[in-house]
Each structure stands twice: as structure tokens, then as C-alpha cells.
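*Asks:* Take a look at this one; I'll ask things after.
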Amino acid sequence: MTKTLPLFLAQQAAAPGAQSPGGFPWQIMAIYGLIAAGFYFIFIAPQKKKQKEHDRMLGTLGNGDEVITTGGIYGVITSVKSDRFVLRISDNNTKIEVGKGFVQTVVAKADGEKSK
């Protein structure tokens, strides 16, 4: 009884100088690199830009600015503390303290300038 080699083994045996398939070719690494770069430019870079703009906006807030919190509360800043704002939220002088990160949008600046 004779044993026969499968076709792909016979082809490799017939061409001793041929390169065997396998390994980790540089083309696959290039494709993964392009995918990673695409994710960075689509998701990460715009989010970083938005966060920088929000931080800049929080740095410019002061007394008298009208803001909206992430919870949807409209208020006027009456005091600025190191980590929070004190907001007046009603005409009868009701005040709340809100963390600086929870201010979402500026409605109007104290000098009358309207926000975007």
C-alpha cells in the first residue's frame, strides 16, 4: 500500500525554493494601522476637541452668566467656587450649587452677549 501526499504538500515538496504560506505579513499590520488611524480621526479626535471647547467655556464663566445644566436647569451664576458654581434658579432667590462639569451651555453672558 502506498501513501500519497495531499495536493498542497506535494506542491511544496515539488518547489523547494518556494516560500511557505504563513507568518504575519506586513500587509496585515498596515491594514490594522489604517483601521486604528480611522478610529482615531472619526471618534477620538472630535471628542477631544469638544472637551477642550467645554473646558474653555467653563473657564470663562463668571457672575451673572445665564447657563443650562446637564439636567436642564436654567440658572444665573451668583458665585464661583473652586469646584462648583452657585446658581440662582428662581425669582425668589432660590440657589443651588452645581459642579462645574455639569454646566452644559451658556445662554447669555453677563455683559449681554448671546451665546451660540
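What follows is calculated from the coordinates using simple rules that are stated; it is not laboratory data. Just so it is clear, the structure is predicted and the values come from calculations on it, not from any experiment. Reconstructed Cβ throughout: ideal geometry from the backbone, glycine too, with neighbour counts over all protein chains shown.
*Asks:* Using the Cβ atoms and a cut-off under 12 Å, what net charge is assigned to the surroundings of PHE102, where Lys and Arg are +1 and Asp and Glu are -1?
*Replies:* 0
*Asks:* Where a ≥ b ≥ c are the square roots of the eigenvalues of the C-alpha gyration tensor, would you call segment 62-116 rounded, which needs a/c under 1.5, or, failing that, prolate if a/b is larger than b/c, or oblate?
*Replies:* rounded
*Asks:* Follow-up question, since we're still on this one. What FRET efficiency, computed as 1/(1 + (r/R0)^6) with R0 = 30 Å and r the Cβ-Cβ distance, is obtained for TYR40 and SER90, rounded to the nearest 0.05?
*Replies:* In this case the efficiency is close to 0.10.
*Asks:* Still on this model: Tell me the net charge near LEU87. Cut-off is 11 Å between Cβ atoms, LEU87 excluded, with +1 for each Lys or Arg and -1 for each Asp or Glu.
*Replies:* Once positives and negatives cancel, what remains is 0.
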